Each structure stands twice: as structure tokens, then as C-alpha cells.
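Q: I'd like to ask you about the structure that follows.
Derivation of every value follows stated rules applied to the coordinates shown; laboratory data play no part. From a predicted model like this one, the values you see are computed outputs, not experimental measurements. Using ideal geometry, Cβ is built from the backbone for each residue, glycine included, and neighbour counts are taken over all protein chains shown.
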Amino acid sequence: MKQERIEKYLESLSKIAKKKGIMLDAGCGSGNNSVWKNINIFDMYLKIGVDLDPFDNKEVDYGICGDLYKLPFKNTVVDIIVCEMVAEHLKTPECMISEFHRVLKKNGSIIIFTPNKFHPIFFLANLLPQKFVDYVKLHYYNFQKRENFDVYYKFNDFSMIKKTCEKYFVIRELYACHPAEGFDSNKLLLRATYNIYKKLFFIFPEKAKGGLIVAVLEK
């Protein structure tokens, strides 16, 4: 099992980045957990973050309070859209995808990074009562309350992504990354779950292999 969770995603990001342009971080949050900031490919871009509460995000040039179902932009103005760990929280992700299509320039690219709902860790978490999951996130993993949202998984497997996106975009890449970084942590609960996953990896169905899904789309 390759330790490729972040590395392969960053490689996909590098492929779509050009010399300059406008990058939209859709659902940017505080920026503390943004993965794209690990490489400098967007240094020459104007980076705009849209979120319900983006104002302390130091990774973007401008933080805009806005709704991903109704983006506050004119048509065809954005070169690249990055959407990390957001789609799983949406009840109607196609509304977001439709808006991405509206604001993205011709030949522009989108990269979406989201959990795989069939992966055992996320699958089991989704079976637990939401109040228990919230408690663990806030008190065990020290999530910020403002960044703890309910999860719906309406976009979180290959078939859902294809069905939602193919009518708007060409799908250039669609793959799952094996969970190494992030899951292999010093938290006892997560480490124990990850160790069980590693031992049972080869018996899981193919759709359950890989904790995170990456989709690269082109208009």
C-alpha cells in the first residue's frame, strides 16, 4: 500500500496550475487545514476564498463571505477552483458544481478533494450518532466549532461524482488516495483504526480502498 495521500494530490494540483490567473478556494474556511498551501504553485495567482466565515484565512488574498450555491462572481472569471474537504458537507452538491461551471473560464480546471464514503473509517463514522461524532471531533481531535459541519456524503464515491460532473465538465482524473498522512496520527483512536485498516486492506472491495477521492475537472 503506497503512502501517497498528499503527494499524489499535490502532483495533480501542479498539473493544472498555470503561470498566473485567479484561483478560487471554494469553502476556504480558516485556511489552517488547506492542503494546496504546501506547495507554491499559486504564488502568482490572485487567491480568493469564499466561505460562510473566511475572514481570518491568511492563505488567500481576499476572503469573501458567500454561498457555494450562489457564488458572488460574474460568469467566466475564474481560472482554477480548488475545493478541499467541502463537498461531503453539501446536501445538493450539483448546485455547487453548476455554479463552478458558471464562474469558470473556458479550459479552466477544478480540483476536488473529499472523503471516500465507502472507506471503513468514514463509513463507520457515518453510522454513529451525529452528536457522538461532533463530541469526538471537538473534544478529542480539537476541531474548531466553526469548522465542524454535518456530513451528507452526496458526492463521495466515483459513481456519484461521474453522474454529477459529466454533464458540466470533462473528468481528467478521478482516483482514490490511500490514507497514510492524517490517518497515521498520534491519536490512539485513529491510529488503532488505521492499523486495523492496514491489516484488512487487501480484503476490502476496490471502492473501499483509499480514504480520499480526488477529481480533476476541465471546462
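Q: Along region 42-55, what does the Karplus equation 6.51 cos²θ - 1.76 cosθ + 1.60 (θ = phi - 60°) give for ³J(HN,Hα), rounded to whole Hz, x for Gly and Pro?
A: My calculation for region 42-55 gives 9, 4, 8, 8, 7, 9, 10, x, 10, 6, 5, 8, x, 6 Hz in order.
Q: Separation between the I6 and T92 pseudo-spin-labels, each 7 Å from Cα along Cα→Cβ, expressed in nm?
A: Modelled inter-label distance: 3.7 nm.
Q: I would also like to ask the following. Using mean Cβ contacts within 10 Å as the protection proxy, how do 162-171, 108-117, 87-96 order, highest first?
A: 108-117, 87-96, 162-171
Q: Pull up all non-local amide H partners of I81: gap of 5 or more, or a different chain, and H-to-H distance under 5 Å with H placed in the peptide plane.
A: Residues meeting the amide H criterion: L24, S109, I110, I111.
Q: Please give the contour-minus-distance gain from D53 to Y175: 0.36 nm per residue of separation, less the Cα-Cα distance, rounded to one decimal in nm.
A: Between D53 and Y175, full extension yields 40.9 nm more.
Q: Determine the gain in length on full extension of the stretch K19-H139; use 0.36 nm per residue of separation and subtract their C-alpha separation, reporting nm with one decimal.
A: 39.0 nm
Q: May I ask which of K117/K167; K18/K106; K58/K163 have a Cα-Cα span longer than 25 Å here?
A: Pairs exceeding 25 Å: K58/K163.
Q: Extending each Cα 7 Å along its Cβ direction at D43 and E218, get the distance between those two points in nm, one decimal.
A: 2.6
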